[in-house]
Amino acid sequence: MQIALEEVLEDYLRFKNENISGRYVPYTKIEEELKNLSPYFNLQIEGKSLAGRNIYSLNFGTGSQKVMAWSQMHGNETTTTKALFDFFNFMASNHALANSLQKELTFKIIPVLNPDGAVAYTRLNANHVDLNRDSVELSQPESKLLRFFFESFSPDLCLNLHGQRTIFSAGKSPFTSALSFLSPAVDESCKLTDVRKQSMRLINAIYQQLQKDLPHQIGRYDDTYNINCIGDYMQTQGVPTILFEAGHLNDYQREDTREMIWKSYLVVLNALRSQDHENTSWNSYFEIPLNQKKFFDIILRNCLFGDSISDIAIQYEEILMNDEIRFVPMVHKINDLNDFHGHFEIDLKSRNIKINGKKLNDPPEINDIWTKIRVENKDIVLEQG
């Protein structure tokens, strides 16, 4: 089956759901696509969000090993949700690997746990609560529903699906962290239990398989223990749990990362199905570089204002407008930024420039919005979307 896996990983566009794209995916579109799925997926309305929106699950497969996955616990993290719809297309394809996964695994998948946050494009739910810090108190209906799934379904593996900011590098390298993973801690000492090692082996399977696609661009999250985080809670309860983080690759709509997340799904599920990972070393997990905060969206180097020269870091503020995300460039840091990298860099070589049509005489203020700079009669637009 390894050959079949490698073949299908190269055939992503065959399975991509072209009806869903972009950074913002309206929840009405998610519901439409869910209702268009084959009855095979056994779509269920499991409960309501705080604002009364339906929370759905898909329930399919007949195997003895049970996999539970949920996406958009944070409403503005859409990449893993898009990749789930590509995975559903694959599972409905009658491909040999899809048939094998269906026979050997049983799935319960919640495509969007936080529909209110998804509609508003916010991390939090309608009560302004981070559901990933509510695993113990269970103060929100969405948190209670996820706990009910966990206890009633009794999964053998949990996949906690998220998206990360553009600021991360894979280790201290000049490469952005396009994908990141974590085997969560089970106590303050980060003890290496058999459950953690199981998650580590599965993450290693992804890391080894995707190296050719993402050399130097897969990272590992810090495993500081927080029982209020859902992954830490579930792994503490003895269930192997993997945190997926979809990061920045080549585009701000994250369609490129979406493909890599889809591949990660197939790799980890095939490893679980085949148990190939059981023969690998768990401690190779620690060879995956630990994420560092070494990136900004834009760095303007050697800016001259008055008699001062400095670098300026700009980060995008993601603003929802008319069902689209505008990436608004805001001044984030003014300093010597030689230890940092920009996804986009301009060396201004100490020249006088114009910002938004005006000459820059004084240092900018943090959170100033710079949509356009003019250098030597050439306009450079910084805003995206």
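Only the coordinates and a few stated rules stand behind these numbers; no lab work does. It should be emphasised that the depicted structure is a prediction, and the values quoted were computed from it without experimental measurement. Cβ: placed from backbone, ideal geometry, glycine included. Neighbour counts: every protein chain shown.
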Completion exercise
With R₀ set to 41 angstrom, the calculated FRET efficiency between the beta-carbons of Ser189 and Asp213, to the nearest 0.05, is 0.75
Handout entry: Loop GluC sites (Glu not before Pro), region 1-80 (other Cβ atoms within 10 Å of the site Cβ: 14 or fewer; DSSP)
Key = Glu10, Glu18
Exercise for the section: Rank the residues Ile30, Ile346 as a footprinting-exposure proxy: fewest other Cβ atoms within 10 Å of their Cβ go first. Expected result: Ile346, Ile30
Handout entry: Virtual spin-label span in nm between Ser154 and Glu324, 7 Å along Cα→Cβ
Key = 5.1
Exercise for the section: Set Lys and Arg Cβ to +1 and Asp and Glu Cβ to -1, take the dipole of the chain about its Cα centre, and tell me which of Phe41, Asn204, Phe107 lies farthest positive. Expected result: Phe41
Exercise for the section: Using R₀ = 45 Å, calculate the FRET efficiency as 1/(1 + (r/R₀)^6) where r is the Cβ-Cβ separation of Arg14 and Asp307; round to 0.05. Expected result: 0.15
Fill in the blank from the handout: Of the candidates Ile366, Asn352, Phe295, the farthest towards the positive dipole end of region 295-381 (Lys/Arg Cβ +1, Asp/Glu Cβ -1, centred on the Cα centre) is Asn352
Practice task
Taking the Cα centre of region 21-116 as origin, sum charge times position over the Cβ atoms of Lys and Arg (+1) and Asp and Glu (-1), and report the length of that vector in debye to the nearest 20.
Solution key: 80
Completion exercise
Between the modelled labels at Leu138 and Asp251 (7 Å from Cα along Cα→Cβ) the distance in nm is 4.2
Fill in the blank from the handout: Dipole check, the chain, charges on Cβ (K,R +1; D,E -1), about Cα centroid: among Leu50, Thr241, Val186 the Cα furthest to the positive pole belongs to Leu50
Fill in the blank from the handout: A correct fewest-to-most ranking of Cys303, Cys229 by other Cβ atoms within 10 Å would be Cys229, Cys303
Problem - Computed magnitude of the charge dipole of the chain (debye, nearest 20; Cβ of K, R +1, Cβ of D, E -1) - result: 180
Problem - Nearest 10 degrees, 0 to 90: helix 141-153 Cα axis against the chain principal axis - result: 40
Practice task
Within the set of other residues whose C-beta is less than 14 Å from the C-beta of Leu37, count the net charge using Lys and Arg as +1 and Asp and Glu as -1.
Solution key: -2
Exercise for the section: Determine the percent antiparallel among the DSSP beta bridges restricted to the chain, to the nearest 5. Expected result: 60
Handout entry: GNM top mover of Leu179, Leu157, Leu214 - the chain, alpha-carbon springs below 10 Å
Key = Leu214
Exercise for the section: State the label only: which of [x] 70, 45, 43; [y] 114, 62, 38; [z] 82, 52, 34 corresponds to Cα extents along the principal axes in Å computed from the shown model? Expected result: [x]
Handout entry: Between region 298-359 and region 148-178, the alpha-carbon center distance in angstrom
Key = 29
Practice task
Pairs to check: Lys103/Lys212; Lys16/Lys144; Lys293/Lys354; Lys212/Lys294; Lys294/Lys333. Give those whose C-alpha atoms are more than 21 Å from each other in this structure.
Solution key: Lys103/Lys212; Lys16/Lys144; Lys293/Lys354; Lys212/Lys294
Practice task
Add +1 for every Lys or Arg and -1 for every Asp or Glu among the other residues with Cβ under 15 Å from the Cβ of Cys190, and state the total.
Solution key: -2
Practice task
For a footprinting-style exposure proxy, rank Leu249, Leu138, Leu146 by other Cβ within 10 Å, fewest first.
Solution key: Leu138, Leu249, Leu146
Exercise for the section: Determine the dipole magnitude for region 295-381: charges of +1 sit on the beta-carbon of Lys and Arg, -1 on that of Asp and Glu, nothing else is charged, the reference point is the Cα centre, and the result goes in debye to the nearest 20. Expected result: 480
Practice task
Would you calculate a helix-derived [θ] at 222 nm for the chain, using -39,500 (n - 2.57) for each DSSP H run of n ≥ 4 and dividing by the full residue count, to the nearest 500?
Solution key: -8000 deg cm²/dmol
Completion exercise
Under 20 Å by backbone N from the virtual spin label 7 Å along Cα-to-Cβ at Asn36, the residues of region 118-140 are 119
Problem - Linear extension gain, Asn356 paired with Lys293, 0.36 nm per residue minus alpha-carbon span - result: 19.8 nm
Handout entry: Per-selection metrics, region 236-385 (Cα): Rg and Dmax in Å
Key = 21.1, 65
Practice task
With label points built 7 Å along Cα→Cβ from the Cα atoms of His128 and Lys197, find their separation and express it in nm.
Solution key: 4.6
